[in-house]
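Notes for the one structure printed next.
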Amino acid sequence: MRSTSLVLVSHSAQLAAGLVEVAAQMAPDVDLRAAGGTDDDRIGTSFERVENAVAGALENGADAVVVLTDLGSATLTAESVLEMLDDDRVRLVDAPFVEAAVAAAVAAQGGGDLDGVAAAARTAIVGFQDAAGSAAPPADPAETPTSDGAVARSLTLTNSLGLHARPAAMVARKAADFDAQVSINGVDAASVLALMALGLTGGAQVELRASGPQAVEAAEAIAADIEGGFGES
């Protein structure tokens, strides 16, 4: 299985470490590395810390490394490191720091390669913004199966917090595991940010829809997680 690591470069060591902590909840098997703050732990960035994080990921067996930054000078530092390393396995992606880290981590958890994880990072904010305006209400359960051959199921979120970050990541990973196109309430179920943007809490009705060669398997797997409350109370 491909292994893509993430290096998160921030002016704040606490911010970088905190984002690693958040992303790790949704991508527990991904090598996530924080490179925040200066060498003497002040606000700023450190060439050495970024270099060590990237080199450490590669030495740990990563097939590729995606680097994300928070502000302009962090990007300049990261660019300098990548220029010095001159390694086509490492790529700096210009994308919103928090949203991109979450989306990229989920893509990496699903086995995404360098291009796939970088693409997930770049499109993160677009998917998040689009979700709020494109969400469709749950369809009538009588439409299962649908007239176009898709599989549709109407379900209820049983866990109290609903489709928050960790469950959204679970759904996104499952959706990416199958040869199927899966949506929840009209948004792409493989996009963790689009799912979170729906704002679905406990007790909300969801319409799960899947099409493609493995539509039935995908719908059953995701429905089982929803009905099981994602292992939460």
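The values are calculated or read from the model by the stated rules, or taken from the named source; none is laboratory data. It should be emphasised that the depicted structure is a prediction, and the values quoted were computed from it without experimental measurement. When we count neighbours, we look across all protein chains shown, and the Cβ atoms used for this are built from the backbone with ideal geometry, even at glycine.
In region 1-54, what count of residues is obtained for those that are surrounded by fewer than 16 Cβ atoms within 10 Å (Cβ to Cβ) and charged (D, E, K, R)?
Summing the residues that are surrounded by fewer than 16 Cβ atoms within 10 Å (Cβ to Cβ) and charged (D, E, K, R) in region 1-54 gives 8.
Among the listed residues ALA35, ALA78, ALA16, ALA24, which satisfies the condition of being in contact (Cβ under 8 Å) with a residue 12 or more places away in the chain and either touching a Lys or Arg at 6+ places or on another chain (Cβ under 8 Å) or not aliphatic (A, V, I, L, M) (or both)? It would help to see each step written out before you state the result.
Values: ALA78 fails: either touching a Lys or Arg at 6+ places or on another chain (Cβ under 8 Å) or not aliphatic (A, V, I, L, M) (or both); ALA16 fails: either touching a Lys or Arg at 6+ places or on another chain (Cβ under 8 Å) or not aliphatic (A, V, I, L, M) (or both); ALA24 fails: either touching a Lys or Arg at 6+ places or on another chain (Cβ under 8 Å) or not aliphatic (A, V, I, L, M) (or both).
Step by step, each of ALA35, ALA78, ALA16, ALA24 is checked, and only ALA35 is in contact (Cβ under 8 Å) with a residue 12 or more places away in the chain and either touching a Lys or Arg at 6+ places or on another chain (Cβ under 8 Å) or not aliphatic (A, V, I, L, M) (or both).
Residue-wise test of (1) touching a helix residue (DSSP H, G or I) at 6+ places or on another chain (Cβ under 9 Å); (2) assigned by TED's automatic domain parsing to the domain that holds SER191; (3) among the basic types (Lys, Arg).
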position	(1), (2), (3)
MET26	yes, no, no
ASP40	no, no, no
PHE47	yes, no, no
ASN52	no, no, no
ASP70	yes, no, no
LEU76	no, no, no
ASP86	no, no, no
ARG91	yes, no, yes
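Considering only region 207-227, how many residues are touching a residue at least 40 places away in the same chain (Cβ under 8 Å) and either in a helix (DSSP H, G or I) or of a type in the set (Lys, Arg) (or both)?
Just the residues of region 207-227 that are touching a residue at least 40 places away in the same chain (Cβ under 8 Å), to begin with: 207-211, 215-216, 218-219, 221-223, 225-227.
From what's left, either in a helix (DSSP H, G or I) or of a type in the set (Lys, Arg) (or both): 209, 215-216, 218-219, 221-223, 225-227.
Final tally of qualifying residues: 11.
Could you list, in sequence order, the residues of region 23-58 that are over 26 Å from the mean Cα position of the chain (by Cα) and either part of a helix (DSSP H, G or I) or among the charged types (D, E, K, R) (or both)?
Selection gives ASP39, ASP40, ASP41, ARG42, PHE47, GLU48.
Does ALA210 satisfy being surrounded by 20 or more Cβ atoms within 10 Å (Cβ to Cβ), more than 22 Å from PRO96 (Cα to Cα) and at pLDDT 95 or above?
Working: surrounded by 20 or more Cβ atoms within 10 Å (Cβ to Cβ): yes; more than 22 Å from PRO96 (Cα to Cα): yes; at pLDDT 95 or above: yes.
Against the criterion (surrounded by 20 or more Cβ atoms within 10 Å (Cβ to Cβ), more than 22 Å from PRO96 (Cα to Cα) and at pLDDT 95 or above), ALA210 qualifies.
For ALA95, are the conditions met, namely being touching a Gly at 6+ places or on another chain (Cβ under 9 Å), surrounded by 14 or more Cβ atoms within 10 Å (Cβ to Cβ) and at pLDDT below 95?
Numbers: touching a Gly at 6+ places or on another chain (Cβ under 9 Å): no; surrounded by 14 or more Cβ atoms within 10 Å (Cβ to Cβ): yes; at pLDDT below 95: yes.
Against the criterion (touching a Gly at 6+ places or on another chain (Cβ under 9 Å), surrounded by 14 or more Cβ atoms within 10 Å (Cβ to Cβ) and at pLDDT below 95), ALA95 does not qualify.
Here are ALA190, ALA194, ALA176: which of them is part of a loop (DSSP other than H, G, I, E, B), under 25 Å from PHE97 (Cβ atoms) and not charged (D, E, K, R)?
On the way: ALA194 fails: part of a loop (DSSP other than H, G, I, E, B); ALA176 fails: part of a loop (DSSP other than H, G, I, E, B).
After applying the criteria, what remains is ALA190.
Among the listed residues LEU161, LEU198, LEU193, identify the single one that is hydrophobic (A, V, I, L, M, F, W, C) and in contact with a Phe, Trp or Tyr (Cβ under 7 Å, 6 or more places away or on another chain). Give the steps one after another, and end with the answer.
Details: LEU161 fails: in contact with a Phe, Trp or Tyr (Cβ under 7 Å, 6 or more places away or on another chain); LEU198 fails: in contact with a Phe, Trp or Tyr (Cβ under 7 Å, 6 or more places away or on another chain).
Just a single option satisfies the conditions, and that option is LEU193.
For SER80, are the conditions met, namely being assigned to a strand (DSSP E or B) and either out of contact with any strand residue (DSSP E or B) (no Cβ under 7 Å at 6 or more places or on another chain) or under 23 Å from GLY112 (Cα atoms) (or both)? I'd like the intermediate steps shown before the answer.
On the way: assigned to a strand (DSSP E or B): no; either out of contact with any strand residue (DSSP E or B) (no Cβ under 7 Å at 6 or more places or on another chain) or under 23 Å from GLY112 (Cα atoms) (or both): yes.
Against the criterion (assigned to a strand (DSSP E or B) and either out of contact with any strand residue (DSSP E or B) (no Cβ under 7 Å at 6 or more places or on another chain) or under 23 Å from GLY112 (Cα atoms) (or both)), SER80 does not qualify.
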